[in-house]
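To start, the structure under review is shown below, and the notes come after it.
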Amino acid sequence: MIDISRGIQELEQGKMYKYLGVEESEGIQHQQMKERLKQEYSRRIRLILKCELNSRNKIAAIGALAAPLLRCSFGIINWRTEEIKKIDRKTRKMLTMYKMHHPKADICKEERRRERTGANRSGI
């Protein structure tokens, strides 16, 4: 049941509220949110790669659990192309560390495939 007599409280100075997973105060704190998203994305990738799934299921888990975290933020948070490429590089590095990606894989070939198929440029 909704209490109509109760008013909406003002937000105190310096306090933040969460809306659609993004913390806001007077505006969106882009740098803070980027850092939190990057840390959580890396944590999820690491957890998935440590578990004892086969390669196909690990890639599916990354696509279902880790990638949506960043994908949902692309319309809200201002990401620079260099930042997205850095995240992509870090993802490839983690995949290589856990023997899921060959260290000498042709990156240009993957980028050409993305351009041809219209897949997202981030590779995430």
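The values are calculated or read from the model by the stated rules, or taken from the named source; none is laboratory data. As the structure is a prediction and not an experimental result, all values here were calculated from the model. All Cβ positions, even for glycine, are placed from backbone atoms using ideal geometry, and neighbour counts span all protein chains on display.
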Just checking, how many residues over the range 78-102 are out of contact with any Leu (no Cβ under 8 Å at 6 or more places or on another chain), hydroxyl-bearing (Ser, Thr, Tyr) and surrounded by 12 or more Cβ atoms within 10 Å (Cβ to Cβ)? 2
Sole exception among (1) modelled with pLDDT of 85 or more; (2) among the charged types (D, E, K, R); (3) surrounded by 12 or more Cβ atoms within 10 Å (Cβ to Cβ) for Arg114, by number: (1)
If you take the residues of the range 52-89 that are under 26 Å from Gln29 (Cα atoms) and among the polar types (S, T, N, Q), which of them is nearest to the chain's Cα centre (by Cα)? Ser73
Determine whether the range 64-85 contains at least one residue that is closer than 23 Å to His102 by Cβ, charged (D, E, K, R) and at pLDDT 90 or above. yes
Inside the range 28-61, can you point out the residues that are among the β-branched types (Val, Ile, Thr) and assigned to a helix (DSSP H, G or I)? Ile45, Ile48, Ile59
Can you find even one residue in the range 34-51 that is more than 10 Å from the chain's Cα centre (by Cα), surrounded by 13 or more Cβ atoms within 10 Å (Cβ to Cβ) and over 19 Å from Asp88 (Cβ atoms)? no
